[in-house]
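Below: one structure, written as structure tokens.
The values are calculated or read from the model by the stated rules, or taken from the named source; none is laboratory data. As the structure is a prediction and not an experimental result, all values here were calculated from the model. So basically every Cβ, Gly included, is an ideal-geometry build from the backbone, and we count neighbours across all protein chains shown. For accessibility, only protein heavy atoms count, side chains too; no ligands or nucleic acids. Shrake-Rupley method; radii C 1.70, N 1.55, O 1.52, S 1.80 Å.
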Amino acid sequence: MPTILITGGSGFIGVHFCREAENLGWSMIVLSRNVEAAKKVLPNSIDVIATLEQIPSDRRVDTVINLAGEPLANNRWTESRKQRFCASRRDLTNALFDFFSQRQSPPDALISGSAIGYYGPGTDAVDESDGGKDGFSHRLCDEWESSALQFEKLGTRVCLVRTGIVLGEKGALAKMLTPFKLGLGGPIGDGKQFMSWIHINDMVELLKYCVLTSNLTGPVNATAPYPVTNREFTQTLGAVLHRPAVLTMPAFMVKLLFGEMGVELLLQGQRVLPTKVLTQGFEFRFPQLKSALRDLTNKS
Ligand SMILES: NC(=O)c1ccc[n+]([C@@H]2O[C@H](COP(=O)([O-])OP(=O)(O)OC[C@H]3O[C@@H](n4cnc5c(N)ncnc54)[C@H](OP(=O)(O)O)[C@@H]3O)[C@@H](O)[C@H]2O)c1
């Protein structure tokens, strides 16, 4: 059974992953800035540590999963917040590299976070073979990925998991549910921007797949095979909840309320395809949005 060190293990995706890893009997170590808070949300069997030095020198770490980072969608982006988004991811990834450079045996694999923001805005379909367009999200992901790729010098296999909008009890869907349930939901801007989403269960399965597939390397898109436009997303969510979804939030209001964050995360989108894992035979349990939303909102 592999031993896995995970950063960001106390977060939305990390907790789901840790629960699944516990079911599988994997040995898990979570690195957290707040050990007590992390223990409260994680299964008891998981070791939670505050510093890398707490890992005994004779305990081999087979895989590192690196998800930690300051959340992007909570506030308007100021210059100092943007620096924190970058520094929190880059500095921790560099610290992991420094730590494992000095250990006798480096990990077999680093599964490191990134996001579909890497690709920049657009409505043409993109996959792992495409480059990225400039913008803050692209620069953030590029810097995070470059830090992670240092592990290749240690002979470690590196996967860069370019994650889409993860749908679950937290994150984007949770923020949308209240207005939609009140009948106040609807498209954002012209609604033509794409939303490349993934069900939280498929996200966990895909991370597991990255851990277990020893020939998988480089960028890996973590998005369902059928991305939709924002208009289609809101119509589907409205239909699943049996609520109207016609109240448009105009682009100018998004810019006024959320500034650059609103432009990059709400008004612009990416149409991302998970070509690499599909080619390798990975099967999504929720490839289509409607069944994903039905499952998550418990509607049949
Ligand atoms: N959820 C999505 O839809 C989505 C989409 C694309 C990309 N991602 C990326 O995937 C990663 C995991 O997502 P998530 O939704 O699970 O995130 P999350 O719930 O916000 O959790 C992130 C974790 O990172 C740690 N963290 C937060 N601020 C930090 C800081 N300033 N410095 C160091 N560590 C910090 C926290 O762990 P401790 O408090 O225990 O240290 C937190 O539990 C994130 O990096 C996120 O940007 C997520």
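Would you call LYS192 within 23 Å of PRO225 (Cβ to Cβ), open to solvent by 10 Å² or more (accessible area, probe 1.4 Å) and part of a loop (DSSP other than H, G, I, E, B)?
In short, yes.
Can you say whether SER214 is within 16 Å of the ligand (Cβ to nearest atom), hydroxyl-bearing (Ser, Thr, Tyr) and over 15 Å from the mean Cα position of the chain (by Cα), as far as the supplied structure shows? Against the criterion (within 16 Å of the ligand (Cβ to nearest atom), hydroxyl-bearing (Ser, Thr, Tyr) and over 15 Å from the mean Cα position of the chain (by Cα)), SER214 does not qualify.
In the condition set (1) within 16 Å of the ligand (Cβ to nearest atom); (2) part of a helix (DSSP H, G or I), PRO219 is compliant with all but (2). Scanning the stretch 98-121 for residues that are buried (at least 17 other Cβ atoms within 10 Å of the Cβ), within 22 Å of the chain's Cα centre (by Cα) and either more than 16 Å from the ligand (Cβ to nearest atom) or not in a loop (DSSP other than H, G, I, E, B) (or both) gives PRO107, ALA109, LEU110, ILE111, SER112, GLY113, SER114, ALA115, ILE116, GLY117, TYR118, TYR119.
The stretch 232-300 holds helices (runs of 4 or more DSSP H) entirely within its bounds, and those carrying 1 or more residues that are crowded, with 16+ Cβ neighbours inside 10 Å and touching a Lys or Arg at 6+ places or on another chain (Cβ under 6 Å) map to 251-262.
Per the conditions (1) within 12 Å of the ligand (Cβ to nearest atom); (2) not in a strand (DSSP E or B), the sole criterion not satisfied by VAL166 is (2).
Condition check ((1) of a type in the set (D, E, K, R); (2) in contact (Cβ under 8 Å) with a residue 24 or more places away in the chain) across all residues:
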position	(1), (2)
GLU36	yes, no
LYS40	yes, no
SER57	no, yes
ALA68	no, yes
PRO71	no, no
ASP98	yes, no
PRO106	no, yes
